[in-house]
Amino acid sequence: DAIIGIMWATGMAIGIIFIDLTPGYNVDLMSYLFGSIIAVSSNDLYFIGFLDILIIALVVLFYKEILAVSYDSEFAKLRGISVKFFYTLILILSALCIVAAIRVVGLILVMALLTIPTYLAEHYSNKLSSMMIISSILAVLFTLVGLLFSYFYDISSGASIIIVAIISLICIKSFIAIKG
C-alpha cells in the first residue's frame, strides 16, 4: 500500500511540476490536489493547532491501549481493553487529521506525507512511539526543504515537497541497500 501511494504521489508531483514549467498554462487544479500551503488562513492554523494538541494529548493518554489495539486486537481484548472504542478512536483521529490537512495541503500531499515519512521511519525504529516521532520529524524536514525549493525555483510547493520526500526516500533506501 505504501509503495502504491508513493508511486501515485510521485507521478502527480512530476506532472504538476511540468505543468508549472509550461508557459501560459495556469489552472486552479493544483490548489485542490496540492492545497495552498503558502496561503493558509489564521483560522486554519488555529484549527490545526487545536487538533494537534487534542491528538497528541489523546495519544499520550491512551498510548498503551492504542499500541495494543494496533498490534494485536485479540490480545488487547483479552486484557480488557475496549477494542471497538480504541479502534474507532484511531479512525476518528485519523479522519480529523486528514480532513484538516486536505484543506491546507491538498489530497496528494496528505497521501505523500502519511506514507513516505512513515515508510522511512519504520527502518530506524523498533517501537511505535519512536516511529511516530521520526516520521513527524521527517515530514517537517521534507516540508521545509520543499518550500525552499518552491521559493527559489518558482514551482508548486506541494509538488516540491513530494519530490524532496521521494528523492530522500530513494537516497535513504539506496544507502540501506548498499550498507547492508
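The values are calculated or read from the model by the stated rules, or taken from the named source; none is laboratory data. This structure is a prediction, so every number in the text was calculated from the model and none was measured. Note that each Cβ is placed from the backbone with ideal geometry, even for glycine, and that neighbours are counted across all protein chains shown. The accessibility values were calculated without ligands, DNA or RNA, using every heavy atom of the protein model including side chains. Shrake-Rupley method; radii C 1.70, N 1.55, O 1.52, S 1.80 Å.
Looking at the range 154-174, which of its residues are open to solvent by 60 Å² or more (accessible area, probe 1.4 Å) and at pLDDT below 90? Residues satisfying the conditions are Asp154, Lys173. Might you check whether a residue that is in a loop (DSSP other than H, G, I, E, B), under 20 Å from the mean Cα position of the chain (by Cα) and not charged (D, E, K, R) occurs anywhere in the range 145-159? Looking for residues that are in a loop (DSSP other than H, G, I, E, B), under 20 Å from the mean Cα position of the chain (by Cα) and not charged (D, E, K, R), one finds at least one in the range 145-159, hence yes. Just to verify a result, which residue in the range 94-114, among those that are in contact (Cβ under 8 Å) with a residue 12 or more places away in the chain and open to solvent by 50 Å² or more (accessible area, probe 1.4 Å), is farthest from Ser157 (Cα to Cα)? Top of the filtered list is Leu96. Selection within the range 132-153: residues that are touching a residue at least 40 places away in the same chain (Cβ under 8 Å) and closer than 21 Å to Gly15 by Cβ. The member of this set that is most open to solvent (accessible area, probe 1.4 Å) is Leu147. For the range 114-127, the count of residues that are closer than 23 Å to Val145 by Cβ and touching a Gly at 6+ places or on another chain (Cβ under 7 Å) is at least one.
Selection of the range 115-131 for residues being surrounded by 14 or more Cβ atoms within 10 Å (Cβ to Cβ) and not in a loop (DSSP other than H, G, I, E, B) yields Thr115, Ile116, Pro117, Thr118, Tyr119, Leu120, Ala121, Leu128, Met131. The set of residues in the range 55-93 being hydrophobic (A, V, I, L, M, F, W, C), free of Cβ contacts under 8 Å to residues at least 24 places away in the same chain and open to solvent by less than 60 Å² (accessible area, probe 1.4 Å) consists of Ala57, Ala68, Val69, Ala76, Ile81, Val83.
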